[in-house]
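*Asks:* To start, I am sharing the structure in question, which I have written as structure tokens.
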Amino acid sequence: MPTLLRKMAGGGACPEPSRPVAALLSGLGAMLAIGFAAGLSEMLDAVLMMAPFGASCFLAFAVPESPLAQPRNIVFGHLISSLVGLAVLIVLGPEWPGMALAIGLAVSAMMWTGTSHAPAGADPAVIFVLQPSPIFLLTPVLSGALLIVIVALLFNNLRPGKKYPIYWYRLNRPSPPPRAGGPRRRKACRHRY
């Protein structure tokens, strides 16, 4: 128990606050992305917005170098998480155990596919509350996520010292860390028929 309490005490250094100009520019980028999506929603009489997009904008404009903020993570994180939410809603219905399962499965699916995007973890909850049709995957999920990425591509690359994205697709996976005790010998595989 004392070890658990020590872990909860923290002890690491708090991050430094952002400089005022950087903070204002990040806010401006988020405002432009949400404004663009909301304005288009009104013009086209279509839903291109959902609450988790606000958190996606934080990542895309405040910490664009984060792996969670990369375009593939924003777009596929929201798509995968929403698809899981819709599938579980259809199979289990709108009760709370289904919502809990959907969020757990969405987190696992994003991690398994390498498309982790923290705001997308909320998508199944939105889906369970709204109970939308499958068209929800196209609008607002895909269309809104793409709009955020487009604005982030333009805005972040106009900012001095920023480069976005860091990557589009990770082709090489890092090797797993070596196991304790040195390299492991593989056992011969023997099949019995």
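*Asks:* So if each residue of separation counts as 0.36 nm, and I subtract the Cα-Cα distance between LEU92 and LEU146, what length gain in nm does that give? The partial results should precede the final answer.
*Replies:* Working: separation 54, 0.36 × 54 = 19.44 nm, distance 2.96 nm.
Gain on stretching LEU92 to LEU146: 16.5 nm.
*Asks:* While we're on this one: Say each of MET1 and GLU65 gets a label point 7 Å from the Cα, pointing the same way as Cα to Cβ; how far apart are those two points in nm?
*Replies:* 4.3
*Asks:* Using a Förster radius of 25 Å, what is the FRET efficiency between LEU130 and LEU154 based on their Cβ-Cβ separation? Nearest 0.05, please. Mind showing how you got there, number by number?
*Replies:* Working: r = 30 Å, r/R0 = 1.21.
Computed FRET efficiency for LEU130 and LEU154: 0.25.
*Asks:* Per the Kirkwood definition applied to all pairs of different Cα atoms, how many angstroms is the hydrodynamic radius of region 20-70? Mind dumping the intermediate values first?
*Replies:* Values: mean 1/r = 0.0872 Å⁻¹.
Result for region 20-70 stands at 11.5 Å.
*Asks:* Please compute the contact order of the chain in relative form: average sequence separation of alpha-carbon pairs under 8 Å and at least six residues apart, divided by the residue count, as a percent. Working shown, then result.
*Replies:* Details: 213 pairs, mean separation 49.4, N = 193.
Dividing the mean separation by the residue count of the chain yields 26 percent.
*Asks:* Further question on the same structure: How large is the accessible surface of THR3 in square angstrom, using a 1.4 angstrom probe and rounding to the nearest 10?
*Replies:* Roll a 1.4 Å probe over it and THR3 shows about 80 Å².
*Asks:* Using the crude model of +1 on Lys and Arg Cβ and -1 on Asp and Glu Cβ, and no other charge, please compute the dipole size for the chain relative to its Cα centre, in debye to 20. If you can, show how the numbers build up before the last one.
*Replies:* Details: 16 positive and 6 negative charges, 359 e Å.
Roughly 1720 debye for the chain.
*Asks:* Now for a different question. Using a Förster distance of 35 angstrom, determine the FRET efficiency expected from the C-beta separation of MET43 and ALA22, and round it to 0.05.
*Replies:* On the way: r = 31 Å, r/R0 = 0.90.
Computed FRET efficiency for MET43 and ALA22: 0.65.
*Asks:* Any chance you could look up the accessible area of PHE128 with a 1.4 Å probe, heavy atoms only, rounded to 10 Å²?
*Replies:* 10
*Asks:* Could you tell me what percent of the accessible area of the chain is made up of carbon and sulfur, with a 1.4 Å probe and every protein chain present?
*Replies:* For the chain, the apolar C and S fraction of the accessible surface comes to 68 percent.
*Asks:* Another question, if that's okay. Indicate the helices, whole DSSP H runs only, in the chain that combine a mean Kyte-Doolittle hydropathy of -1.0 or more with a Cα extent along their long axis of 27 angstrom or more.
*Replies:* Details: long enough: 20-44 (35 Å, 1.62); 71-92 (31 Å, 1.76).
Helices passing the filter in the chain: 20-44, 71-92.
*Asks:* Sticking with this structure for a sec: Could you tell me the center-to-center distance, by alpha carbons, between region 91-121 and region 133-158 in angstrom?
*Replies:* 20
*Asks:* Going from most exposed to least, what order do ARG72, ARG19 have by accessible area with a 1.4 Å probe?
*Replies:* ARG19, ARG72
*Asks:* Shifting gears a bit: Could you check which residue among ILE127, ILE150, ILE103 shows the biggest mean-square fluctuation in a GNM of the chain with a 10 Å Cα cutoff?
*Replies:* Looking only at ILE127, ILE150, ILE103, the largest GNM fluctuation is found for ILE150.
*Asks:* So, one more: Just the accessible area per residue of region 1-48, please: how many Å² with a 1.4 Å probe? Numbers along the way, then the final one.
*Replies:* Values: 3950 Å² over 48 residues.
Value returned for region 1-48: 82 Å² of accessible area per residue.
*Asks:* Additional query: Full extension from TYR169 to ALA9: what is 0.36 nm times the residue separation minus their Cα-Cα distance, to one decimal in nm?
*Replies:* Values: separation 160, 0.36 × 160 = 57.60 nm, distance 3.71 nm.
Contour length minus the Cα-Cα distance gives 53.9 nm.
*Asks:* In addition: Over the chain, with a Gaussian network built from C-alpha contacts below 10 Å, which listed residue (SER108, SER143, SER18) shows the highest mean-square fluctuation?
*Replies:* Highest fluctuation of the listed residues: SER18.
The values are calculated or read from the model by the stated rules, or taken from the named source; none is laboratory data. Only a predicted model underlies this, so the values are computations on that prediction, with no experimental measurement involved. Using ideal geometry, Cβ is built from the backbone for each residue, glycine included, and neighbour counts are taken over all protein chains shown. Quick note on the areas: whole protein, heavy atoms, side chains included, nothing else; ligands and nucleic acids left out. Shrake-Rupley method; radii C 1.70, N 1.55, O 1.52, S 1.80 Å.
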